[in-house]
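Shown next, in structure tokens, is the structure this report addresses.
The values are calculated or read from the model by the stated rules, or taken from the named source; none is laboratory data. The structure displayed is predicted, hence computed values, not measured ones. In this analysis, Cβ positions are derived from the backbone assuming ideal geometry, glycine residues included, and neighbour counts consider all displayed protein chains.
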Amino acid sequence: MKTQISITTIKESISIMAPFSETNNKRFRSKGGKFDRPSGAWVFPVTPAVTDLITTLWGIPSQLVRIRVDKSQITGSNEWMIGGYKLACRRHRDRAVEMPAGVQIEEGGWTDSGGSMKHPKPECDGDCITLSVVVHRSFAEAHGHEIIAEHSDSPSETSSRLHEFTDNELLAEATRRGLIADAA
């Protein structure tokens, strides 16, 4: 199982990699987040407000689980969301619906086109659709979602690749991005 988000803390900042979402981007900017184009991540100062935002959107990083989500639990129109997890979007009216990593259709399906030219949106084929999504257990429990599968690995083993780099490589990259002063 893989979740769509990756949260990393380096020195005095928190880095969040998540699928593009207009809704989340507004939230990120309101908490002082800056988008780092080279890494494709949002970077924040470590503050209680940012920690609260992370907890609200995705739960406290914990064991990963797969939950069942019915259409009645989904928020948004142009992009379907549950908390900070993006479930689906349609970039153009006649294009296929896009779902990020960790999201699957359990029942139902998508229409071939949805919304208008100006406001495309995902629409389900028929009256209902059921999705499953990989989330942190703390998010699932806080929002009362039905857990349908559990993940055996810890989130640190699945969401962080920092152990693959030497300390010098990490310092050089952080310096290159301007996250810390020149280490030399």
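How many residues does segment 95-123 contain that are part of a loop (DSSP other than H, G, I, E, B) and either in contact (Cβ under 8 Å) with a residue 12 or more places away in the chain or more than 20 Å from residue 21 (Cβ to Cβ) (or both)? Steps first, please.
Step one: filter segment 95-123 for residues part of a loop (DSSP other than H, G, I, E, B), giving 95-97, 99-102, 108-109, 111-114, 116-119, 121-123.
In the following step, the residues that additionally are either in contact (Cβ under 8 Å) with a residue 12 or more places away in the chain or more than 20 Å from residue 21 (Cβ to Cβ) (or both) were identified as 95-97, 99-102, 108-109, 111-114, 116-117, 119, 121-123.
Here the count works out to 19.
Name the one entry in 90, 95, 27 that is under 29 Å from residue 149 (Cβ atoms), among the charged types (D, E, K, R) and assigned by TED's automatic domain parsing to the domain that holds residue 125. Quick ask: steps written out before the conclusion?
Working: 95 fails: under 29 Å from residue 149 (Cβ atoms); 27 fails: assigned by TED's automatic domain parsing to the domain that holds residue 125.
None of the other options fit; the residue is 90.
Filter segment 26-55 for residues that are over 15 Å from residue 6 (Cα atoms), polar (S, T, N, Q) and assigned to a helix (DSSP H, G or I) and give the result.
30
Please go through segment 1-32 and pick out each residue that is touching a helix residue (DSSP H, G or I) at 6+ places or on another chain (Cβ under 8 Å) and of a type in the set (Gly, Ala, Ser).
Residues satisfying the conditions are 6, 18, 32.
Does residue 126 fit the bill of being farther than 22 Å from residue 83 by Cα and either assigned to a loop (DSSP other than H, G, I, E, B) or touching a strand residue (DSSP E or B) at 6+ places or on another chain (Cβ under 8 Å) (or both)?
Details: farther than 22 Å from residue 83 by Cα: yes; either assigned to a loop (DSSP other than H, G, I, E, B) or touching a strand residue (DSSP E or B) at 6+ places or on another chain (Cβ under 8 Å) (or both): yes.
Spelling it out, residue 126 is indeed farther than 22 Å from residue 83 by Cα and either assigned to a loop (DSSP other than H, G, I, E, B) or touching a strand residue (DSSP E or B) at 6+ places or on another chain (Cβ under 8 Å) (or both).
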